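Here's the structure, in structure tokens; my notes come after.
The values are calculated or read from the model by the stated rules, or taken from the named source; none is laboratory data. Keep in mind it's a predicted model, so treat the numbers as computed, not measured. Because the Cβ atoms are built from the backbone with ideal geometry, glycine has one as well, and the counts that use them run over all protein chains shown.
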Amino acid sequence: MGETWIDACAFSDIEPEDVKRFDHQGRTFALYRTEDDAVYATDGLCSHEQVHLADGLVMGHIIECPKHNGRFDLRTGAAKGAPVCIDLKTYPTRLVDGRIQICL
């Protein structure tokens with residue numbers, strides 16, 4: 001089965017060092033734009049209590065969950081701070097004509 005790239009949003013829809021929620025076919029994703037304009041995507045719900053990460057705080061390459069302040073590396077999905085201990089799944093992203101696409 002080939003890759004499926006989905007149009008998520010405009011690059012300009014996400015400020016540097018911010019996160020945006022993206023829902024597709026019943027699933028929630030989080031899209032991130034770093035200070036150096038790199039774009040990343042992870043599962044959109046915290047692996048600890050299923051809270052939307054788009055309501056969290058981006059600091060460098062870390063997303064902090066808004067509920068219990070668990071932290072993940074948004075580049076790799078790695079759990080970086082208690083109470084989270086289960087990594088997030090990450091997804092490839094690309095920019096096409098000013099739009100962010102995510103590979104599902």
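You will find that of ASP23, ASP18, the residue that is of a type in the set (Asp, Glu), exposed (fewer than 14 other Cβ atoms within 10 Å of the Cβ) and under 12 Å from the mean Cα position of the chain (by Cα) is ASP23 and no other.
Each residue in segment 62-77 was checked for being closer than 15 Å to ALA41 by Cα, touching a residue at least 24 places away in the same chain (Cβ under 8 Å) and buried (at least 18 other Cβ atoms within 10 Å of the Cβ), and 4 pass. All told, LYS80 falls short of being in a loop (DSSP other than H, G, I, E, B), on the phi < 0 side of the Ramachandran plot and either surrounded by fewer than 18 Cβ atoms within 10 Å (Cβ to Cβ) or not small (Gly, Ala, Ser) (or both). Taking segment 72-91 as the range and being small (Gly, Ala, Ser), modelled with pLDDT of 95 or more and out of contact with any Leu (no Cβ under 7 Å at 6 or more places or on another chain) as the test, the residues that pass are ALA78, ALA79.
Under the condition of being among the hydroxyl-bearing types (Ser, Thr, Tyr) and under 22 Å from PRO83 (Cβ atoms), which residue from segment 26-68 is farthest from the chain's Cα centre (by Cα)? Once the filter is applied, the top-ranked residue is SER47.
The set of residues in segment 1-15 that are under 14 Å from the mean Cα position of the chain (by Cα) and part of a loop (DSSP other than H, G, I, E, B) comprises ILE14, GLU15.
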